Amino acid sequence: MNLPPLPDEAVVIGAHAVDWRSAVRETGRALTRSGATRSDYADRMIAVIEEFGAYVVIAPGLALAHARPGRDVRREGLAVVTLAEPVAFGHPHNDPVRVVVGLAVENAEEHVASVANLANVFNDAGAVDRLARARDAAEVRALLGIGVGGGAVAGGGAA
Amino acid sequence: MKIIAVCGVGIGTSAILKVNAERALERLELTADVDASDLAGIAAAAADAQVILTSSELAPAVRQAVGRSFAEVVEVTNYFDVDEISRLLERSLG
């Protein structure tokens, strides 16, 4: 029932993205740096938005970038990119995006539990704002209630 | 009673919608099965569903895919807002 690990390499604080593609690409690079995906995964995350629209902006200020499981996914992974300047994804209500969470899963079943954990964090309406203002990877992990190696940490969560 | 949460690829966002729809149902003291689906599988998945939850972005494509289905397509703005989802479900099911 745990979220995937979120090592320092999977977190980018205050990224400068000129548009949504660049924000998603930054998120893809973070997933690749952390060893979760190959670099092609970023292209597939972008393709999902090109095909289906900005529905990945699932709450005000928050995009959940993701694609189907595939050969470019080495293992389940999570990345968090906060944006120095908010970026429009083209969502009618939830733009502009300040935080991009990247998700990579190996199969459709395994991720439901970890996504439920994400839901726990973001059911708190202030969570996106706190994440957007986080100063480092440790603070992001604390807000998400996960450790460097994944899973819950004592006293973590949306504190 | 059956509810389908649908997103483009059937993982990630639809799973979040499913989890929060279950929380909303619990709050409303309603019982229903909530399944996640991708857009490609929605017509089959929604055949015996009462409600399809999706984003406003995907709603036109969902409506087109399900055609004259019995199911009502309900648009959710904030996938994490259990209050919003509760309100929407109460309106559709109540």
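See the values below:
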item	result
Extreme residue, surrounded by the fewest Cβ atoms within 10 Å (Cβ to Cβ), among residues of region A:44-66 that are under 12 Å from the mean Cα position of the chain (by Cα) and of a type in the set (A, V, I, L, M, F, W, C)	A:62
Tabulated pairs, region A:110-138, first among the basic types (Lys, Arg), second surrounded by fewer than 19 Cβ atoms within 10 Å (Cβ to Cβ) and assigned to a loop (DSSP other than H, G, I, E, B), C-beta under 7 angstrom, 6+ apart or interchain	none
Contacts under 9 angstrom Cβ, first residue in region A:36-56 being touching a residue at least 60 places away in the same chain (Cβ under 8 Å) and small (Gly, Ala, Ser), partner surrounded by 24 or more Cβ atoms within 10 Å (Cβ to Cβ) and in a helix (DSSP H, G or I), 6 or more apart	A:36/A:10; A:36/A:30
Residues of region B:42-80 satisfying the condition of being more than 18 Å from residue B:13 (Cα to Cα) and hydroxyl-bearing (Ser, Thr, Tyr)	B:69
Restricting region B:44-65 to residues that are surrounded by 15 or more Cβ atoms within 10 Å (Cβ to Cβ) and more than 13 Å from the chain's Cα centre (by Cα), the residue that is nearest to residue A:63 (Cα to Cα)	B:57
Of all residues making up region A:80-103, the number that are over 15 Å from residue A:53 (Cα atoms) and not aliphatic (A, V, I, L, M)	5
Evaluation of residue A:93 against (1) of a type outside the set (A, V, I, L, M); (2) closer than 17 Å to residue A:28 by Cβ; (3) surrounded by fewer than 16 Cβ atoms within 10 Å (Cβ to Cβ); (4) in contact with a Ser or Thr (Cβ under 7 Å, 6 or more places away or on another chain) (one fails), failing number	(2)
Residue list for region A:1-16, restricted to those being of a type in the set (A, V, I, L, M, F, W, C), more than 18 Å from residue A:38 (Cα to Cα) and either in contact with a His (Cβ under 7 Å, 6 or more places away or on another chain) or not in a strand (DSSP E or B) (or both)	A:1, A:3
Filter result (under 13 Å from the mean Cα position of the chain (by Cα) and surrounded by fewer than 18 Cβ atoms within 10 Å (Cβ to Cβ)) within region B:66-76	B:72, B:75
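No lab work stands behind these numbers, since they all come straight from the coordinates. Computed from a prediction, not measured in an experiment: that's the story for all the values here. Counting neighbours? That spans all protein chains shown, and the Cβs are built from the backbone with ideal geometry, glycine included.
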